[in-house]
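Note sheet for the following structure.
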Amino acid sequence: MKDIAKRVFDTEIDSLKHVASLLDDEFSKVVDVILKASGKVIVIGIGKSGIIGKKVAATLASTGTPSFFLHPGEAFHGDLGMVGTDDIVILISYSGETDEVLKLIPFLKWNKNTIIGITGNPNSTVAKNSEYHLNVNIKQEACPLALAPTSSTTATLVMGDALAVALMESRQFQHEDFARFHPGGSLGRKLLIKVKDLMRTDNLPFISETASFTELLLCMSEGRLGLVIVGNNQQVKGVVTDGDLRRALVKNPDTASHTVIDMMSRSPVFIDENEFIHHAEQLMIEKKITTILVGSAKDRTVSGIYQIYQ
């Protein structure tokens, strides 16, 4: 089985190298026409080419090129209304003779859309009716019967990725731009969400430095943050964590002998509310803490609390 897998990898790698050797100035022209377009990029294909087309459209859309996938069957039955005159249409068909795709060409011509064909046959109907053509001709499919699209779909996918990357670099697309389109992902969290967006500001567990041990326990329990802030939002003198509390009791179980002043940490960790969550969490990992005060370390004032595990 490993030998079969290796053969498939080798076959598809050889096919990609062959397609790479076919690249010419047409690729640069395609990138240029998309960059100058005022409309969207619409990707059309059916079957395995359609599946690849969906991925190509999604990659373009997430990397700065407004794009969506259009199923040719749905397009032929009304969804052509989604195609504007300023839109660029990418037709994907390895043979270049897919009937469902060919049926759309007369409308696209009438609608004055720029057509980019991605096929494995430069002499095909799709290629001849395209203003620009990207050749993904392969030497052989990895399928031993040469029936299931394997190397050909991989080549088409990589061609789509090459387009997306070329467009990204041409637009100088940055991490921040990517994050804007992925606010729910880890990168969006790192680059878009600030501490002030997630910090807790209500019912912060402030306590006086003269509070009794019982008052300390009640305040910590009610706050449900695993700590109390000694002082107030105008002046923070320290914090007492549940860890500080446990360590004090291990040393001396007599609760009456413990004072807030003796148990508190006098140098709590602060972070500014305008810092990104990623920076806060990196600092917390470095300090080996799960809760951080939000405010000014210089003025020792606090406006909120951020906790990794809430």
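The values are calculated or read from the model by the stated rules, or taken from the named source; none is laboratory data. Worth saying up front: this structure is predicted, and the values here are computed from it rather than measured. Cβ atoms come from the backbone with ideal geometry, glycine included; neighbour counts cover every protein chain shown. These accessible areas exclude ligands, DNA and RNA; they are computed on the full protein's heavy atoms, side chains included. Shrake-Rupley method; radii C 1.70, N 1.55, O 1.52, S 1.80 Å.
All of Thr114, Thr125, Thr119, Thr98 fail the test of being surrounded by 17 or more Cβ atoms within 10 Å (Cβ to Cβ), touching a strand residue (DSSP E or B) at 6+ places or on another chain (Cβ under 6 Å) and among the polar types (S, T, N, Q), apart from Thr114. Only one of the numbered conditions (1) more than 19 Å from Glu131 (Cα to Cα); (2) surrounded by 15 or more Cβ atoms within 10 Å (Cβ to Cβ); (3) modelled with pLDDT of 95 or more is not met by Val30, and that is (1).
Highlighted here are the helices (runs of 4 or more DSSP H) found entirely within the stretch 86-178 that include at least 1 residues which are within 30 Å of Val8 (Cα to Cα) and in contact (Cβ under 8 Å) with a residue 40 or more places away in the chain: 99-102, 151-171. The conditions of being touching a helix residue (DSSP H, G or I) at 6+ places or on another chain (Cβ under 7 Å) and farther than 19 Å from Thr150 by Cα are not met by Gly45. Scanning the stretch 94-109 for residues that are more than 25 Å from Gln140 (Cβ to Cβ) and small (Gly, Ala, Ser) turns up nothing. Pairs meeting the criteria (first residue in the stretch 214-225 and in a helix (DSSP H, G or I), second residue modelled with pLDDT of 90 or more and surrounded by 14 or more Cβ atoms within 10 Å (Cβ to Cβ), beta carbons under 6 Å, at least 6 apart or on different chains) are Cys219/Pro205; Cys219/Ile207; Cys219/Val228; Met220/Val228; Gly223/Pro205. Criterion applied to Pro253, Pro268 was being on the phi < 0 side of the Ramachandran plot, assigned to a loop (DSSP other than H, G, I, E, B) and modelled with pLDDT of 90 or more, and the one residue passing it is Pro268. If the condition is being assigned to a helix (DSSP H, G or I), open to solvent by 30 Å² or more (accessible area, probe 1.4 Å) and either among the basic types (Lys, Arg) or in contact with a strand residue (DSSP E or B) (Cβ under 8 Å, 6 or more places away or on another chain) (or both), then the stretch 39-67 contributes Lys48, Lys54, Lys55, Ala58, Ala61. Exactly one residue out of Ile229, Ile289, Ile261 is part of a strand (DSSP E or B) and either touching a residue at least 24 places away in the same chain (Cβ under 8 Å) or closer than 20 Å to Leu204 by Cβ (or both), and it is Ile229. Filtered by the rule that a residue be out of contact with any Phe, Trp or Tyr (no Cβ under 7 Å at 6 or more places or on another chain) and touching a residue at least 40 places away in the same chain (Cβ under 8 Å), the stretch 240-255 gives a lone residue, Thr241.
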